[in-house]
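The values are calculated or read from the model by the stated rules, or taken from the named source; none is laboratory data. Quick caveat, the model's predicted, so the values are computed rather than measured. No Cβ is skipped: glycine too gets one built from the backbone with ideal geometry, and neighbour counts run over all protein chains shown.
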């Protein structure tokens, strides 16, 4: 029964995200097959961080977490995955592990206007503001099929970051206040299209 509830909660989040991205901007034109993990890793306060490149943005992934490409469910891109999204799973290794472990679903919207909040679709939704680095991310906590979740957004010029959290899965849990979670979000950088993706513009 518990597994069925977890599955239902995850499917609800997936459905909501699909509804919100169906009108999304696919103008990045990136070939998602080029997504890769950087061969170099940096040390930050004794936590090993490895950079992951989706071809649209980069993220620093701490030890114990895994970056996994998101399937291109809406067929917006030529590749098999969506370079504007990324799963970052704590303890998992593949996309199937979103059924077993807590994770962050990172979404980048080049045009913030195409995003519509799914807050009204959830139970017990409560507004929150979370300091990430020098910026505040706005969003809400919610309950889906009895399990807690969270959505955080950060607007950068005309674009928008949207991060969905499955906070509990199985015997594992994460929090938006966790050091690793804050490190991941503060590391998000959009690749500079004018430079051909060789330079980043920081959040």
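Within region 38-48, can one find any residue that is modelled with pLDDT of 80 or more and either assigned to a loop (DSSP other than H, G, I, E, B) or surrounded by fewer than 20 Cβ atoms within 10 Å (Cβ to Cβ) (or both)? Looking through region 38-48, at least one residue is modelled with pLDDT of 80 or more and either assigned to a loop (DSSP other than H, G, I, E, B) or surrounded by fewer than 20 Cβ atoms within 10 Å (Cβ to Cβ) (or both).
For region 97-110, indicate whether the set of residues that are more than 25 Å from residue 139 (Cα to Cα) and either at pLDDT 95 or above or part of a strand (DSSP E or B) (or both) is non-empty. Within region 97-110, not a single residue is more than 25 Å from residue 139 (Cα to Cα) and either at pLDDT 95 or above or part of a strand (DSSP E or B) (or both). Count of region 142-158 residues, restricted to those that are surrounded by fewer than 19 Cβ atoms within 10 Å (Cβ to Cβ), at pLDDT 95 or above and within 16 Å of residue 177 (Cβ to Cβ), is 0. When residue 86 is tested against (1) part of a strand (DSSP E or B); (2) over 15 Å from the mean Cα position of the chain (by Cα); (3) crowded, with 18+ Cβ neighbours inside 10 Å, only condition (2) is not met. The single residue among 81, 94 that is closer than 25 Å to residue 51 by Cβ and either surrounded by fewer than 18 Cβ atoms within 10 Å (Cβ to Cβ) or over 16 Å from the mean Cα position of the chain (by Cα) (or both) turns out to be 94.
Of these, 130, 190, which one is in a strand (DSSP E or B), out of contact with any helix residue (DSSP H, G or I) (no Cβ under 8 Å at 6 or more places or on another chain), in contact (Cβ under 8 Å) with a residue 60 or more places away in the chain and closer than 21 Å to residue 65 by Cβ? One residue alone meets the criteria, 190.
Residues in region 108-120 that are touching a helix residue (DSSP H, G or I) at 6+ places or on another chain (Cβ under 7 Å) and buried (at least 21 other Cβ atoms within 10 Å of the Cβ): none.
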